[in-house]
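Accompanying notes for the structure given below.
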Amino acid sequence: MMSEARAEEIQRALASNSPMNRFRSFMKGVWSHKKGRAGLIILTALGLLAIFGYFFAPYSPYNTNSLAFQPPSYQHLLGTDYEGADIFSWFLIGTGTSLVVGLSIALLSAFIGVLVGVVAGYFGRQVDDVLMRAVDVLLVIPGFPLLVILSAFLPPTLETTIFVLSILSWPFLARVVRSQTLSLKERPYIMASKLSGLNGMQIIIRDILPNLLPIIFINAIFLAVGGVVAQAGLAFFGLGDLRSVNWGTMLYFFQAEDGIVYRAWWWLLPPGLGIVILGIGANFLSNAIYEISKASKGNGK
Amino acid sequence: MPRVISMEGDLMESSTIETNELTKDFINKRGIIRRESRTTRALDQVKLQIKEHEIFGLIGESGSGKTTLGLALLKLMDVDSGQIIFNGNNIMKYTGRQLFGFREKTQMIFQDPYSSLNPVISVYKSIVTPLRVFHKELKEEEVLNKAIETIEMVGLTPAEQFLNKFPNQLSGGQRQRIGIARAVINNPDFIIADEPVSMLDVSLRADILNILLDLKRKFGKSMMFISHDIAVTQYVSDRIAVMHLGQLVEVAKSDRIINNPMHPYTKSLIDSIPVPDPKKKWNLDESKGQISEYVNEGKNECSYANKCPFVMDNCRKERPKFREVEKDHLVACYLYE
Amino acid sequence: MITLRYLIRRTIYMAITLFIALTLVFLLPRAVPGNPVMDVLLTKYAGRINPYQLKIIESELHLGGTLWQQYVGFWGSLIHGNFGPSFYYYPEPVSQLIMTHLPWTLFLLGTSLMISIVLGIFIGSYSGWKRGASDSFLQGFSISLTSVPYFWLALIFQLVFAVLIVINGFHIFPVAQGYGITVTPGTNLPFVLSVLRHSALPIITLVITSFTGFALLMRNTVVTVLDEDYVLLAKAKGLSDNTIRKQYVNKNARLPVATSVALAFASIVGGAFLVEVVFSYPGIGYVLYNAVTVSDYPLIEGIFVMITFTTIIANFIVDLLYAYLDPRVVLK
Amino acid sequence: MTTSTIMEVVDLSVDYVLPDRTIKAVSHVSLDVNKGEVIGIVGESGSGKSTLAMTFLKLLEYPGKIKGGKVVYYGSEGKSDVLKMKPSALRKYRWKEVSMIFQSAMNSLNPVMRIEDQMGDVMVEHGYKEDEVDERIDYMLQLAGLTKNVRKSFPHELSGGMKQRVNIALALSCDPKILIADEATTALDVVVQRQILTRLLKLKDDLSISLIFITHDISLVANIADKVNVMYAGKIAESGPSNEIFDSPQHPYTKALLASIPSLEQEKSVKGIRGTPPDLSEEIKGCPFKDRCDSVFDRCKNEVPELKMVSQGHYAACHLYGR
């Protein structure tokens, strides 16, 4: 029998492997990675802006008591728009809406994409054929015109936009997840799990999904950014809820109300730069995750 | 020990697993962009018996169907026709509970130490899975004790240093030992070791082979040892079967296969093995061979007919049956009829 | 290698895709409660279209009868290339409108895609071959560009090059439109020059936002290919760098780029549409934008069908091109 | 060196310089290659044998770095250090003087070029005339045991064995003086391996070239090499005529290696070598084999053993031998 001390030692060793600990050490890895840290800082800053921006907004976005098309000043840090509303307030509040839209799209489409991809990849045969044909068709049909036609017929709300964009965003992830699943499925350790009596769902949850996490996470980040951009594009096209305050509607009104004629650069820059910064943060973070997961899986040969 | 009468009427010891006329075709046609479709017979009426407490070696070149046979025996791949008898039961149609019961009794050791362990699962979690699934009644402490015992049995001491490791923190040899520990922890009746040392450095192979021999000695496991390396196979196996393009061509005790190969294919195989002895330098006059590629297309003929220097008309008319040419030495070749 | 069998299969596949897309177009307005098409006709266009014309439109758009009758009628019209009349430009047929504006979009798309691919392959190949400084520049450049919305960049360019910068009273580029008001459309030099000048900013916008994708992909594959044994063997053979690069590296590295063109096409269409809106460029995107603004449903549907068709054909061409570039691919 | 020496490696060291560490892949290796000789270089993974082969053609790339030493080639125009050659001279030297069959010959053919073009470009590069090239392609394919119609094929249309033969044809296409085969048959089945190797050895005799045969398979070396170099941790542990190496191995590593492989000839129980090779990115004190060696003694821990002669032409780097 084992000695008491040894048993304790073993217990301690096993405990250090809890999921919480692994997540913590993963985050530590991201933080100590140069790009990862930059990405985390950028995205956290934007996230904080999204959550608390509303409280810091100096004006209501519907307060149109000031003069129109004023350049930045102390009263209006980012100037005013065609109605005299404060652009800085619009931007702060719009950040929240835009990010919520992006995040919802990412969650919804990642969920569909992963589900379809894993099921098609793991169970194969007819299930795979049917699902992948659907994915192929959706990938071939040009996304933007389809978005336009869907949005044109559906009620113009933010929920519609999220729904429509999610429906159109998942196929690519599904394909990525499927091809990864196909290659994972052939690994001997999956066979070992089968031999150990695990069933399909158990294998997917235990063996396949954890290996896909980095790639799912990376794709979800880009789905979120893509969602923000696509929502802005739709809004710019006059589709979706134009009463909602977000980066997309800011750009729509800039175009529709001749911001260009008034040379209102202070109106044009904030929403676009917001998107660009979001994109850079996402890129940094995903690069870091990719490199870290590659290094940790490195076979050490 | 119960004695049963085999198909040929010989008296045989009881077998753990046996197959009857196992046949499997691969038809290449998948995807929109695809290459020529043709049928390849990967298993061609394979008939064998693996006895209790024996290590049964299976040798053959790449593409001979030896891995397919391994997967078929463990029901990891479906076959087209034939029978697999495990512990006296025909397992061909097993699904659900029956398959689950069969899984409990079988295991496999894989070739690639790098992809046979899930990179995101710790050593401990990896090896205790079979216990957790098949023996839900075991207490956490019992599982742990069994894990430690098994890890030390495969030569990794002290075990606690390894429990918590992830595969990328282990060397190839250590990974392969963990793979073995996972295969034996549930005490299965039958294990398939598919090229378990071919991806390891030469100096590490011997220890793995000795572990397998130990397992047999201590626990009397039945094992099928699949390999392309005849010297290695001979070292661990009691009997050896030679496979060529889906057909078994010769089965005998290990030393008989090596010292008295009969089938022309076995002969050329044994002949081609490099021997660590400079006095046996290769004769350079045999370098005429054209490389030609044949596959088993499922015709009723000897799979070696296209390459065999002794080929006769018979060989292409009907495939030769196994004959017992000397005691326990089966050869499928018309030269011995 | 391409077989007849493949061509047939592929055609069937394309037909199925188109069928699904069109059925979607048919079902969508009918799935929304309270027929939005009729609503729009009755409210928005109440004064402009008289009740008699309304009846004609209703039958031309197959808005009456059972769903199945409507569906059959819908297909009947489509086969004749008839998408019905535009609401806004009534009674001009949708097909006519599309035909007038399609060349503009094809010009914009074709030119930018071509420049992007060539530029991407060239820069990516160079950067992958050299690694080092140009490499991190490309990475940084593309990281900051990948998420830039096409239309925002277009607006910036418009603001800077067509509004803010004035040299001797002249702007470098025009603010909007497809050609100047002083030229007459036709095959005359002033018109051609005017068209080129007007399309410069839209094309530059599209190229800048899309070439980095190709460049980065090319760069990454070049780096991978450089590690291949056949490149090492080519070096061992004593071949010149030039030969190695052309025959061994680029020939292999451009294959994934070719596959990516199909996906890029679908995405650049959206970009082009938005950019057209910014520059009021007389292409399909601008027409679609106007159609959306005035709820001109037949026009929206017609444009969607046409763009889907174009994309499917483009995909097919890319596949053939791929089979031509890679001897391992058998299209069967 | 002797008059028939064609290549001489002198005190060669190669490092892989990575951002966070430096791996001493090859350290202080010296060896001679004589005309018409088959030199075997054996070693396990990470022993530096492939890195060594790369230096013969000066093919090392980032992060590989030559730390010191020479690779002297005795050509028709006198001797020259390969590692100091200018790019133009180097291009003339490669393939014309020394050619190579690579480790994964399966992947060493360009998938999008026809076989004849891949054989042709190198001949044109080395000055063969157009019509001559055409004939030579057929001739070389035939030498390697292939038929003419292979020349129009793309690599994916050939089997593993055929590709390997194409590689032999390619390697011989410019009449080299030395042919390096780096794990050239590792991926092949034993029967095909034997066919290909016997043909290669026969061609070597007919064309009187030298062969440097690199492998992890010590038995294979016994069957074909005249002289053997056993590498361990980037160094030559033992070198000598092959019958001496196999009949009376001196270095404990060679002995252990031979004891670890099962043999068809005699019934013996095999024994692995305990432990693992040392991490070459760390400073190794003393003998690199000391932690795995059964005959280790004090001196091994501090002093690096030099290659010392144990009998005529037979050297071992071990403190047990020599003074």
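The values are calculated or read from the model by the stated rules, or taken from the named source; none is laboratory data. As the structure is a prediction and not an experimental result, all values here were calculated from the model. Here the Cβ positions follow ideal geometry from the backbone for every residue, glycine too, while neighbour counts run over all protein chains shown. When the accessible area is computed, the model is the full protein with side chains, heavy atoms only, and any ligands, DNA or RNA have been set aside. Shrake-Rupley method; radii C 1.70, N 1.55, O 1.52, S 1.80 Å.
Might you let me know whether segment B:128-138 holds any residue that is at the interface with another protein chain (Cβ under 8 Å from one of its Cβ atoms) and either under 19 Å from residue A:11 (Cα atoms) or of a type outside the set (A, V, I, L, M, F, W, C) (or both)? Taking every residue of segment B:128-138 in turn, at least one turns out to be at the interface with another protein chain (Cβ under 8 Å from one of its Cβ atoms) and either under 19 Å from residue A:11 (Cα atoms) or of a type outside the set (A, V, I, L, M, F, W, C) (or both).
Of C:222, C:207, C:195, all but one fail to be in a helix (DSSP H, G or I) and modelled with pLDDT under 90; the exception is C:195.
Within segment C:252-291, the set of residues being within 12 Å of chain A (Cβ to nearest Cβ), open to solvent by 20 Å² or more (accessible area, probe 1.4 Å) and farther than 20 Å from residue C:315 by Cα comprises C:280, C:286, C:289, C:290. Within segment A:153-164, take every residue that is crowded, with 19+ Cβ neighbours inside 10 Å and at pLDDT 85 or above and give me the one that is farthest from the other protein chains (Cβ to nearest Cβ). Checking each candidate, the answer is A:162. Regarding residue A:292, is this residue more than 8 Å from chain C (Cβ to nearest Cβ) and surrounded by fewer than 24 Cβ atoms within 10 Å (Cβ to Cβ)? Yes, satisfied. Checking each residue in segment B:188-210 for being in contact with a helix residue (DSSP H, G or I) (Cβ under 6 Å, 6 or more places away or on another chain), open to solvent by 20 Å² or more (accessible area, probe 1.4 Å) and aliphatic (A, V, I, L, M) picks out only B:204. Exactly one residue among A:108, A:92 is hydrophobic (A, V, I, L, M, F, W, C) and under 21 Å from residue A:164 (Cβ atoms), and that residue is A:108.
Checking each residue in segment D:205-218 for being surrounded by fewer than 21 Cβ atoms within 10 Å (Cβ to Cβ) and in a helix (DSSP H, G or I) picks out D:205, D:206, D:207. Residue count for segment C:135-161 satisfying the condition of being in contact (Cβ under 8 Å) with a residue 24 or more places away in the chain, within 27 Å of residue A:258 (Cβ to Cβ) and within 7 Å of another protein chain (Cβ to nearest Cβ): 5. With the requirement that a residue be more than 22 Å from residue D:197 (Cα to Cα) and either without any contact (Cβ under 8 Å) to a residue 24 or more places away in the chain or among the aliphatic types (A, V, I, L, M) (or both), what does segment D:128-151 give you? Of everything in segment D:128-151, those that are more than 22 Å from residue D:197 (Cα to Cα) and either without any contact (Cβ under 8 Å) to a residue 24 or more places away in the chain or among the aliphatic types (A, V, I, L, M) (or both) turn out to be D:129, D:130, D:131, D:132, D:133, D:134, D:135, D:149. Scanning segment C:162-194 for residues that are open to solvent by less than 20 Å² (accessible area, probe 1.4 Å) and away from chain A (no Cβ under 14 Å) turns up C:178, C:180, C:194. Pairing each residue of segment C:234-249 that is more than 7 Å from every other protein chain (Cβ to nearest Cβ) and closer than 15 Å to residue C:223 by Cα with any residue that is aliphatic (A, V, I, L, M) and not in a helix (DSSP H, G or I), provided the two are 6+ apart or on different chains, yields no C-beta distance under 7 Å.
From the residues in segment B:165-178 that are within 27 Å of residue B:56 (Cα to Cα) and more than 8 Å from chain A (Cβ to nearest Cβ), which one is nearest to the chain's Cα centre (by Cα)? The qualifying residue nearest to the chain's Cα centre (by Cα) is B:176.
In the set (1) facing chain D (nearest Cβ under 9 Å); (2) open to solvent by 30 Å² or more (accessible area, probe 1.4 Å), the condition left unmet by residue B:236 is number (2). Based on what the data block shows, is residue A:226 part of a helix (DSSP H, G or I) and either at pLDDT 90 or above or surrounded by fewer than 21 Cβ atoms within 10 Å (Cβ to Cβ) (or both)? So residue A:226 fits the description; yes.
Condition first: within 30 Å of residue C:274 (Cβ to Cβ) and either of a type in the set (Asp, Glu) or open to solvent by 40 Å² or more (accessible area, probe 1.4 Å) (or both). Now tell me which residues in segment C:200-233 satisfy that.
C:204, C:208, C:213, C:216, C:217, C:220
Selection over segment B:243-260 of residues that are crowded, with 17+ Cβ neighbours inside 10 Å and within 18 Å of residue D:266 (Cβ to Cβ) gives a count of 5. If you go through segment C:216-250 and keep only what is among the hydroxyl-bearing types (Ser, Thr, Tyr) and in contact with a Leu (Cβ under 9 Å, 6 or more places away or on another chain), you end up with C:221, C:230, C:248.
If we scan segment B:202-225, do we find a residue that is within 27 Å of residue D:274 (Cα to Cα), more than 11 Å from chain D (Cβ to nearest Cβ) and part of a loop (DSSP other than H, G, I, E, B)? Taking every residue of segment B:202-225 in turn, at least one turns out to be within 27 Å of residue D:274 (Cα to Cα), more than 11 Å from chain D (Cβ to nearest Cβ) and part of a loop (DSSP other than H, G, I, E, B). I'd like to know if segment C:99-119 contains one or more residues that are outside any loop (DSSP other than H, G, I, E, B), within 12 Å of another protein chain (Cβ to nearest Cβ) and either surrounded by fewer than 17 Cβ atoms within 10 Å (Cβ to Cβ) or not aromatic (Phe, Trp, Tyr) (or both). Yes; the residues of segment C:99-119 include at least one that is outside any loop (DSSP other than H, G, I, E, B), within 12 Å of another protein chain (Cβ to nearest Cβ) and either surrounded by fewer than 17 Cβ atoms within 10 Å (Cβ to Cβ) or not aromatic (Phe, Trp, Tyr) (or both).
Which residue, of D:173, D:239, is open to solvent by less than 10 Å² (accessible area, probe 1.4 Å) and of a type in the set (Gly, Ala, Ser)? That would be D:173, the only listed residue that is open to solvent by less than 10 Å² (accessible area, probe 1.4 Å) and of a type in the set (Gly, Ala, Ser). Which residues, taken from segment B:150-164, are at the interface with chain A (Cβ under 10 Å from one of its Cβ atoms) and either surrounded by 19 or more Cβ atoms within 10 Å (Cβ to Cβ) or of a type in the set (Asp, Glu) (or both)? B:159, B:160, B:162, B:163, listed by residue number. Within segment A:91-136, if we keep just the residues that are over 30 Å from residue A:58 (Cβ atoms) and hydroxyl-bearing (Ser, Thr, Tyr), the residue that is surrounded by the fewest Cβ atoms within 10 Å (Cβ to Cβ) turns out to be A:122. Residues that are more than 7 Å from chain B (Cβ to nearest Cβ), hydrophobic (A, V, I, L, M, F, W, C) and either closer than 16 Å to residue B:75 by Cα or outside any helix (DSSP H, G or I) (or both) within segment A:185-211 comprise just one, A:190.
Of everything listed in (1) at the interface with another protein chain (Cβ under 10 Å from one of its Cβ atoms); (2) surrounded by fewer than 24 Cβ atoms within 10 Å (Cβ to Cβ), the single unmet condition for residue C:317 is (1).
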